[in-house]
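Reading through the structure tokens given below for one structure.
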Amino acid sequence: AVVDQPPVMSLFPAQGDIDIAIASEVAEAARMVQRGFVTAERTTLIASDHRVYSIAEKTELGDGTIDPEVLQEIAGRYARQYVHFDMLALANEHGAVISAVLLGALAGSGVLPFSRESFEAEIRKAGKAVDVNMAAFAASYQRASSGGVEQFEPRSSMSQTSKSLRPLRRQVPNYCRN
């Protein structure tokens, strides 16, 4: 791939100015959208489908959990590209940590101008659980690059750019927004 400009990496992202957002859990992805970091015009969102329940969800007297379909709709509707699958399950299948799977999904998505080999070289260079991490990376890379990634199709036919988040905000409790 030909790169016109060098990439800008930042630990302090600006709203609406993110090319790639990565979330290790679907509620985290929805929070990124809610805060305006993910946009339909620009952002590839890579996220694991699994849930890690918040304290507020766990302490409700009844069922305080947030509907995962609502979270998927939030995450998928407002991203240019949404790459997602249960990355924790894939990590567990290989005895790896989720970061190796997230890296494989990033590499397999094709959104960065780096070869697969350059990602693999960094895993080897780190020297930690190399065989395990390489296996998890490879499985995730394959899933993301082969089209086997679950592509979320929102239930409604709303235009991604024409509607605001207001209707969805009413469905997401305040504790998910923090």
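The values are calculated or read from the model by the stated rules, or taken from the named source; none is laboratory data. What you see is a predicted model, and the numbers here were worked out from it, not measured in a lab. Glycine also receives a Cβ, built like all others from the backbone with ideal geometry; neighbour counts cover every protein chain displayed. Side chains are part of the model used for accessible areas, which takes the heavy atoms of the whole protein and leaves out ligands, DNA and RNA. Shrake-Rupley method; radii C 1.70, N 1.55, O 1.52, S 1.80 Å.
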Within segment 3-24, can you find the residues that are over 19 Å from ALA47 (Cβ atoms), at pLDDT 80 or above and open to solvent by less than 80 Å² (accessible area, probe 1.4 Å)?
-> ALA14
Index of the failed condition, THR43 passing every other in (1) in contact with a strand residue (DSSP E or B) (Cβ under 7 Å, 6 or more places away or on another chain); (2) touching a residue at least 60 places away in the same chain (Cβ under 8 Å); (3) hydroxyl-bearing (Ser, Thr, Tyr) = (2)
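If I ask for residues that are of a type in the set (S, T, N, Q) and in contact (Cβ under 8 Å) with a residue 60 or more places away in the chain, which ones from segment 55-88 would you list?
So the first thing to find is which residues in segment 55-88 are of a type in the set (S, T, N, Q), and the list is 59, 65, 72, 81.
Scanning segment 55-88 gives a single hit, GLN72.
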Any chance segment 69-79 includes a residue that's open to solvent by less than 60 Å² (accessible area, probe 1.4 Å) and either over 22 Å from ARG42 (Cβ atoms) or modelled with pLDDT of 95 or more (or both)?
-> yes
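Do you know which residues across segment 43-91 are of a type in the set (D, E, K, R) and in contact with a His (Cβ under 7 Å, 6 or more places away or on another chain)? Walk me through how you get there before you give the answer.
Here is the first cut: in segment 43-91, the residues of a type in the set (D, E, K, R) are 49, 51, 57-58, 60, 63, 67, 69, 73, 77, 80, 86.
Residues satisfying the conditions are ASP49, ASP86.
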